[in-house]
């Protein structure tokens, strides 16, 4: 039963934390010694809450849709589609352009709580869709 419970915890993180911006709900889902391993993110739960808030400020309509989820042992793997429109600061001034990217995440659990996370968002695709990459001369986004 623990494997299914772990998957449900991660589903709640996505729905409550990322899609609804309910940061307080995350306290019950993460171990106090949680460690973040994704490049560029802060390594603790308070840091993660701040990172999610920055993301939701940059993309107020941010929505993560779970496409696939696999739970085995103490880990849950997830593939999602992230969509949003850049209406807040993100690598500079808002572009007001939409983005759709694929995100892969792995979480490790202990006692029904997330203790570690590794993530791979397609940052290159975000930058390309928002027009933040240099363009070859003569081309525009």
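Could you say whether any residue in region 81-90 is in contact (Cβ under 8 Å) with a residue 40 or more places away in the chain, in a strand (DSSP E or B) and under 27 Å from residue 6 (Cα atoms)? Break it down stepwise before answering.
First, the residues of region 81-90 that are in contact (Cβ under 8 Å) with a residue 40 or more places away in the chain: 86, 90.
Still in the running and in a strand (DSSP E or B): none.
No, the conditions are met nowhere in region 81-90.
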Query raised in the report: Among (1) surrounded by fewer than 17 Cβ atoms within 10 Å (Cβ to Cβ); (2) touching a helix residue (DSSP H, G or I) at 6+ places or on another chain (Cβ under 8 Å), where does residue 54 come up short?
Result: (2)
Report summary line: Taking region 114-135 and keeping only residues that are touching a helix residue (DSSP H, G or I) at 6+ places or on another chain (Cβ under 7 Å) and surrounded by 15 or more Cβ atoms within 10 Å (Cβ to Cβ), one is left with 114
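Out of curiosity, is residue 10 farther than 21 Å from residue 98 by Cα and touching a helix residue (DSSP H, G or I) at 6+ places or on another chain (Cβ under 6 Å)?
Numbers: farther than 21 Å from residue 98 by Cα: yes; touching a helix residue (DSSP H, G or I) at 6+ places or on another chain (Cβ under 6 Å): no.
Against the criterion (farther than 21 Å from residue 98 by Cα and touching a helix residue (DSSP H, G or I) at 6+ places or on another chain (Cβ under 6 Å)), residue 10 does not qualify.
Would you point out the residue of region 13-25, among those that are out of contact with any helix residue (DSSP H, G or I) (no Cβ under 7 Å at 6 or more places or on another chain) and either surrounded by 14 or more Cβ atoms within 10 Å (Cβ to Cβ) or touching a residue at least 60 places away in the same chain (Cβ under 8 Å) (or both), that is farthest from residue 76 (Cα to Cα)? Steps first, please.
Looking only at region 13-25, we keep the residues that are out of contact with any helix residue (DSSP H, G or I) (no Cβ under 7 Å at 6 or more places or on another chain), and these are 14-15, 19-20, 24.
Now narrow it down to the ones that are either surrounded by 14 or more Cβ atoms within 10 Å (Cβ to Cβ) or touching a residue at least 60 places away in the same chain (Cβ under 8 Å) (or both): 14-15, 19.
Values: 14: 13, 15: 16, 19: 19 Å.
It comes out as 19.
Every residue, every condition in (1) closer than 30 Å to residue 134 by Cβ; (2) surrounded by 18 or more Cβ atoms within 10 Å (Cβ to Cβ); (3) without any contact (Cβ under 8 Å) to a residue 60 or more places away in the chain, yes or no:
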| site | (1), (2), (3) |
| --- | --- |
| 27 | no, no, yes |
| 45 | no, yes, yes |
| 69 | no, no, no |
| 73 | no, no, no |
| 76 | no, yes, no |
| 98 | yes, no, yes |
Query raised in the report: Could we say that residue 87 is within 18 Å of residue 35 (Cβ to Cβ), at pLDDT 95 or above and either surrounded by fewer than 17 Cβ atoms within 10 Å (Cβ to Cβ) or touching a strand residue (DSSP E or B) at 6+ places or on another chain (Cβ under 6 Å) (or both) here?
Result: no
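Of the residues 61, 74, which single one is modelled with pLDDT of 95 or more and farther than 22 Å from residue 124 by Cα? Even if it seems obvious, please write down each step before you answer.
Working: 61 fails: farther than 22 Å from residue 124 by Cα.
Being modelled with pLDDT of 95 or more and farther than 22 Å from residue 124 by Cα holds for just one of 61, 74, which is 74.
Look at region 101-134 and say how many of its residues are in contact with a strand residue (DSSP E or B) (Cβ under 7 Å, 6 or more places away or on another chain) and either within 22 Å of residue 91 (Cβ to Cβ) or free of Cβ contacts under 8 Å to residues at least 40 places away in the same chain (or both).
Filtering region 101-134 for residues in contact with a strand residue (DSSP E or B) (Cβ under 7 Å, 6 or more places away or on another chain) gives 101-110, 113-122, 125-126, 129-130.
Within this subset, residues satisfying the condition of being either within 22 Å of residue 91 (Cβ to Cβ) or free of Cβ contacts under 8 Å to residues at least 40 places away in the same chain (or both) are 101-106, 108, 119-122, 125-126, 129-130.
Total meeting the criteria: 15.
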Query - Within region 29-42, considering residues that are surrounded by 13 or more Cβ atoms within 10 Å (Cβ to Cβ) and under 14 Å from the mean Cα position of the chain (by Cα), the one farthest from residue 81 (Cα to Cα) - result: 42
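The values are calculated or read from the model by the stated rules, or taken from the named source; none is laboratory data. The structure presented is a predicted model; accordingly, all values stated were derived computationally and were not measured. We place every Cβ from the backbone using ideal geometry, glycine too, and count neighbours over all the protein chains shown.
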